[in-house]
Structures are given as structure tokens and as C-alpha cells.
1. Which of these, A79, A66, A37, has the largest mean-square fluctuation under a Gaussian network model of the chain (Cα springs below 10 Å)?
2. Give me the dipole magnitude in Debye, nearest 20, for the chain about the Cα centre, with unit charges on the beta carbon: positive for Lys and Arg, negative for Asp and Glu.
3. What does the charge dipole of the range 102-172 about its Cα centre add up to, to the nearest 20 debye, if the Cβ of each Lys and Arg holds +1 and the Cβ of each Asp and Glu holds -1?
4. Order T52, T45 by their accessible area, 1.4 angstrom probe, all chains in place, largest first.
5. Want the number for C26 to K147: 0.36 nm per residue separation, take away the alpha-carbon distance, what's left?
6. Summing -39500 (n - 2.57) over the DSSP H runs of n ≥ 4 in the chain and dividing by its residue number, what mean residue ellipticity at 222 nm do you reach, to the nearest 500 deg cm²/dmol?
7. Between T135, T24, T180, where does the largest GNM mean-square fluctuation fall for the chain, given springs only between Cα atoms within less than 10 Å?
8. So how exposed is T17, as accessible area in Å² (1.4 Å probe, rounded to 10)?
Amino acid sequence: MIPPVIVTHPLAQIHLTTIRSTDTPCGQFRWHLHRLAEILFMEATRGLGTETVRIQTPLTETEGVALARPIVLVPILRAGLGLQEAILPLVPEATVAHVGIARDEETALPVPYYAKLPAILPEADVFLLDPMLATGGSACSAVTQLKAAGATRITLICVVSCPPGLQAFADQHPDVPVVTAAVDEGLNERCYIVPGLGDAGDRCFGT
Ligand code: URA
């Protein structure tokens, strides 16, 4: 299994600590989640391909860089929207593709119900966004859909992961790197990550 990239930056860990706490209300949860998402995205994009461009400064002509490929952000509805809201301002030209995958609360199995994917997936750098990598079911299903639509450069960004989720994901998609702020102990009997932060969607959207 390719080890996940664990973002240990102290600020990332401070934001993570805040969103884990039950003392953190919805508005603050969102604010700290957004700051953490920015840091995770910076790490996830460290290796992005660039190309040289010639530009004119007020003083002279010089060389700069531009992204070599378009970026596609893919939030898994609904909790992934909490990451997308923070990341899109960093790459305002990005395309946003939505994938809807519900979790059957009885079986914890993924139930895909929506996908709107752009035609540029084959040439894009694609970032799949889901705060919690629990069983790995949703992320695996989303990557399978993205690959079927032609995506070849996919990175999964999640806030909290756990060994069973990472293993299941690596078994199905060993070519897809995972960037995360934490690898937690494991899952409880309801397939929630422990210690985790609870239901990321509920905490982010106040439901
Ligand atoms: N989804 C969540 O929001 N939290 C978990 O702990 C697991 C799945």
C-alpha cells in the first residue's frame, strides 16, 4: 500500500483538533475546516505540472509558470462541499464536478445517486474531496466513476482517514494518492471513524 501523505503541519493539526471537539459550534467548525482544507490542498498540489510562460513585467520581459493542465475538483456530496468551498478560491479557474454518494446507514455501503462529470477529465488533474475516509466505500465508488469517465490523474483529499479505509482504497485504487491530516485508530460498529469528528456533513452544515 502506498502510504498516505499525512499533513503534520502544526497549523493543520490545530485546525483538526478544533473541528474534532464537540465544543466547536457549526460556524467555527466550518471556518477551521476551510483553513485545514487550504493546507491539505497546498500539499496535494505540490507536484502539479507547470509550463513556462513568457510575461512582461512593468520593467522587462521574463519567464513565469502556468499550470500545465486544468484542475477539476470533485466534492462527494454532501460533506465534500465543505472542502470545495475553501479550495475553489485557491484555483478559481477550476471546474467543479459533483458526485452524489449516500451511505446506507444499515449496511454502510455506498449508494451512488448523482454524477455530473466534465469532458475534460482525461487531461485534468482531478482532486476528489471527502472529509472522512471511513470504510473507503464512497471514495472507491467515486474513483471508479471518475476513471470510467477518463480521469487518469486523481488525488484523494480527506481530513480524517483510518487503516481499514486506507487499505480498502489502496486495494481498489493503488494508483491514487491520499492526502490526509490524520490516520485515526479505526471504525466503531456504525462505521464511524474513532476518535474522528462525528458526521462531517452534519457538523459542517448544522443538520
Ligand atoms: N462519515 C462521517 O461523516 N464521519 C465518519 O466518522 C464516517 C463517515
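1. Highest fluctuation among the options: A66.
2. Numbers: 13 positive and 21 negative charges, 43 e Å.
Once rounded to the nearest 20, the dipole reads 200 debye.
3. 180 debye
4. T52, T45
5. 40.1 nm
6. It comes out at -9500 deg cm²/dmol, rounded to the nearest 500.
7. T24
8. The accessible area of T17 comes to roughly 90 Å².
The values are calculated or read from the model by the stated rules, or taken from the named source; none is laboratory data. Note that the coordinates shown come from a computational prediction; the quantities given were computed from them, not determined experimentally. Here the Cβ is made from the backbone with ideal geometry for all residues, glycine too, and neighbour counts use every protein chain on show. The accessibility values were calculated without ligands, DNA or RNA, using every heavy atom of the protein model including side chains. Shrake-Rupley method; radii C 1.70, N 1.55, O 1.52, S 1.80 Å.
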